[in-house]
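In what follows, a single structure is set out as structure tokens and then discussed.
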Amino acid sequence: MKTSTDKLHRAYHAKNSTETSEVYDDWASEYEQHMKNVGYTHPAMVASMVARHVVPTEERVLDAGAGTGVLGEILTALGYPNIVGLDASEGMLKVAQLKNNYLELTHQFLGKTLTFDDDAFALVASSGVFTQGHAPLDGLDELIRVTRPGGHIVFSVARTYLEGLFEEKRQQLEQANLWRYVDSSSRYNSAPLEDTLISQVFVFQII
Ligand SMILES: C[S@@+](CC[C@H](N)C(=O)[O-])C[C@H]1O[C@@H](n2cnc3c(N)ncnc32)[C@H](O)[C@@H]1O
């Protein structure tokens with residue numbers, strides 16, 4: 001039987017970022033309907049942790065892996081006015097563009113060098129992107145570079161990383177004095193009406 005998370009599982013098994021973008025380009029027009037069907041929780045969890053720790057200002061915010069702009073809609077409603085989005089899928093960005101919540105949307109890949117200047121953002125938020133077949137944890141290095149000292153990075157981490165490489169990566173960044181741990185959510189299911197996809201949201205502050 002075809003289910004709403006079929007394409008998500010296809011993306012999990014992508015062998016490289018080109019394959020990931022192809023899955024999402026193909027999925028873009030139905031993505032939000034499918035995710036609503038499964039009770040998708042990442043954007044609400046990330047936005048809640050943002051609102052808890054980062055006061056809205058005029059400073060720029062980066063939505064890393066913005067997709068169709070679900071997180072951007074919530075952050076706009078919460079009062080963060082200057083949001084830039086990046087994503088690996090041009091098809092997803094085209095849908096996000098229609099919502100008019102972003103200053104700029106750009107086709108870029110986490111895990112590669114980003115085009116933004118150092119310290120360009122006060123906040124980076126990322127929902128549903130640090131998981132298998134999507135962004136590699138090394139994508140955090142560039143997100144740290146583009147976040148100003150004192151700024152925050154708030155992002156969901158999927159179980160595959162939580163039970164594997166994330167602890168090592170996070171400690172490496174802490175020991176290098178690049179960020180400090182601020183807070184984390186409890187673990188939650190990001191697709192509770194159809195699947196069991198456990199994740200956790202983390203908040204770090206840039207040093
Ligand atoms: C599950 S969707 C989440 C989209 C949006 N943040 C949300 O919560 O609805 C994952 C998104 O990450 C993007 N993505 C996957 N790998 C990426 C990478 N390496 N760099 C940038 N975006 C990536 C996909 O194109 C897709 O739009």
Open item on the list: Among the residues that make up segment 138-150, is at least one of them surrounded by fewer than 18 Cβ atoms within 10 Å (Cβ to Cβ), touching a Gly at 6+ places or on another chain (Cβ under 8 Å) and more than 17 Å from Val84 (Cα to Cα)?
Closed with: yes
TODO: Please verify whether segment 29-39 includes one or more residues that are over 21 Å from Gly111 (Cα atoms) and surrounded by 20 or more Cβ atoms within 10 Å (Cβ to Cβ).
DONE: yes
- [ ] Might you let me know whether segment 20-39 holds any residue that is more than 8 Å from the ligand (Cβ to nearest atom), within 22 Å of Phe116 (Cβ to Cβ) and either of a type in the set (A, V, I, L, M) or in a loop (DSSP other than H, G, I, E, B) (or both)?
- [x] no
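To keep it simple, each residue is scored yes or no on (1) surrounded by fewer than 24 Cβ atoms within 10 Å (Cβ to Cβ); (2) modelled with pLDDT of 95 or more; (3) assigned to a helix (DSSP H, G or I); (4) within 13 Å of the ligand (Cβ to nearest atom).
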| position | (1), (2), (3), (4) |
| --- | --- |
| Pro43 | yes, yes, yes, yes |
| Ala51 | yes, yes, yes, no |
| Asp63 | no, yes, no, yes |
| Ala66 | no, yes, no, yes |
| Glu73 | yes, yes, yes, yes |
| Pro81 | yes, yes, no, no |
| Tyr102 | yes, yes, no, yes |
| Asp117 | yes, yes, no, no |
Task: Contacts under 7 angstrom Cβ, first residue in segment 1-25 being within 15 Å of Ala88 (Cα to Cα), partner near the ligand (Cβ under 10 Å from one of its atoms) and among the aromatic types (Phe, Trp, Tyr), 6 or more apart - done: Ala11/Tyr24; Ser17/Phe109
Task: Condition met for Val46 (within 21 Å of Phe202 (Cβ to Cβ) and out of contact with any Cys (no Cβ under 8 Å at 6 or more places or on another chain)) - done: yes
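The values are calculated or read from the model by the stated rules, or taken from the named source; none is laboratory data. Please read these numbers as outputs of a predicted model, since none were measured by experiment. Note that we place each Cβ from the backbone using ideal geometry, even for glycine, and neighbour counts take in every protein chain shown.
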